[in-house]
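Down below is the structure, laid out as structure tokens.
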Amino acid sequence: SVKPLGPAPPGESQLQPEHTLKPLNKAVVISGRKLARQIREETRADVDQWVLAGNRRPHLSVILVGDNPASHSYVLNKTRAAADVGDATVTISHRYTPKEQLCQHTKIADIVVAAAGIPNLITADMIKEGAAVIDVGINRVQDPVTGKSRLVGDVDFEAVKKKAGFVTPVPGGVGPMTVAMLMKNTVKAAKSVLLFPPERIRVAAAS
């Protein structure tokens with residue numbers, strides 16, 4: 001694209017490629033830490049009110065895949081955050097955790113998040129009545145009837161759905177929500193840029 005400039009010397013064009021022009025503003029650096037602190041404070045207050053009302057403190061179990069150092073660090077941050085807000089006791093397991101030990105954790109969990117990459121790892125006898133079971137696992141297996149491959153999660157969906165209060169299917173559960181929220185947040189971010197002047201956004205981010 002091109003942008004008109006002022007009068008040019010005789011014989012030269014009055015148009016200059018726009019990409020050669022120096023940007024007037026720098027990008028706004030988005031601080032996730034500041035927003036996270038605000039959310040943690042709000043969550044801590046919610047948990048305090050919940051417990052003071054006589055309710056039991058929530059408990060969260062996480063199934064970790066393998067021994068990837070980045071994954072361990074990522075989940076460790078969640079554990080520290082949970083302790084900070086007083087929101088939950090977080091138990092982390094992985095695909096090599098003995099089944100008996102894994103059951104001890106999942107049977108008391110209010111929320112079970114499975115992402116180990118093992119079909120039918122979480123069965124109905126491993127969860128308590130009314131628990132929320134979030135299946136993030138994606139596994140391709142062969143259908144014994146049709147012989148065709150199909151996608152399944154880490155949860156024995158048909159059995160668990162009769163006992164859990166909430167459960168996500170695979171496919172059709174976490175995946176579509178991830179894509180949908182990405183689209184929603186993209187539009188939300190675009191609207192924020194269009195509706196608010198860059199200088200106002202910069203001041204808000206710095207405050």
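With respect to PRO144, determine if the residue is touching a Phe, Trp or Tyr at 6+ places or on another chain (Cβ under 6 Å) and of a type outside the set (A, V, I, L, M).
Against the criterion (touching a Phe, Trp or Tyr at 6+ places or on another chain (Cβ under 6 Å) and of a type outside the set (A, V, I, L, M)), PRO144 does not qualify.
I'm trying to understand the selection: among the residues of the range 83-115, which are in a helix (DSSP H, G or I), at pLDDT 90 or above and within 28 Å of ARG40 (Cβ to Cβ)?
HIS105, THR106
Of all the helices (runs of 4 or more DSSP H) wholly in the range 125-207, which have at least 2 residues that are at pLDDT below 90 and at negative phi?
174-195, 198-206
Check PRO23, PRO69 and return the single one that is modelled with pLDDT under 70 and within 30 Å of PHE196 (Cβ to Cβ).
PRO23
Over 30 Å from ARG56 (Cβ atoms) and surrounded by 15 or more Cβ atoms within 10 Å (Cβ to Cβ): is that true of VAL152 in this structure?
yes
Tell me the residue from GLY173, GLY137 that is in contact with a strand residue (DSSP E or B) (Cβ under 9 Å, 6 or more places away or on another chain) and closer than 21 Å to GLU100 by Cβ, please.
That would be GLY137, the only listed residue that is in contact with a strand residue (DSSP E or B) (Cβ under 9 Å, 6 or more places away or on another chain) and closer than 21 Å to GLU100 by Cβ.
Could you list all residues from the range 85-113 that are out of contact with any His (no Cβ under 7 Å at 6 or more places or on another chain) and small (Gly, Ala, Ser)?
If the condition is that a residue be out of contact with any His (no Cβ under 7 Å at 6 or more places or on another chain) and small (Gly, Ala, Ser), then GLY86 is the only one that fits.
Select, from ILE118, ILE63, the only residue that is in a strand (DSSP E or B) and either at pLDDT 75 or above or of a type outside the set (Ser, Thr, Tyr) (or both).
Exactly one residue qualifies, and that residue is ILE63.
Can you name every residue in the range 112-122 that is of a type in the set (Val, Ile, Thr) and crowded, with 17+ Cβ neighbours inside 10 Å?
If the condition is that a residue be of a type in the set (Val, Ile, Thr) and crowded, with 17+ Cβ neighbours inside 10 Å, then VAL112, VAL113, ILE122 are the ones that fit.
Inside the range 77-103, can you point out the residues that are surrounded by 13 or more Cβ atoms within 10 Å (Cβ to Cβ) and of a type in the set (A, V, I, L, M, F, W, C)?
ALA81, ALA82, VAL85, ALA88, VAL90, ILE92, LEU102, CYS103, listed by residue number.
The values are calculated or read from the model by the stated rules, or taken from the named source; none is laboratory data. Bear in mind the structure is a predicted one, so any value in this text is a computation, not a measurement. FYI the Cβ positions are ideal-geometry reconstructions off the backbone, even for glycines, and counts take in every protein chain you see.
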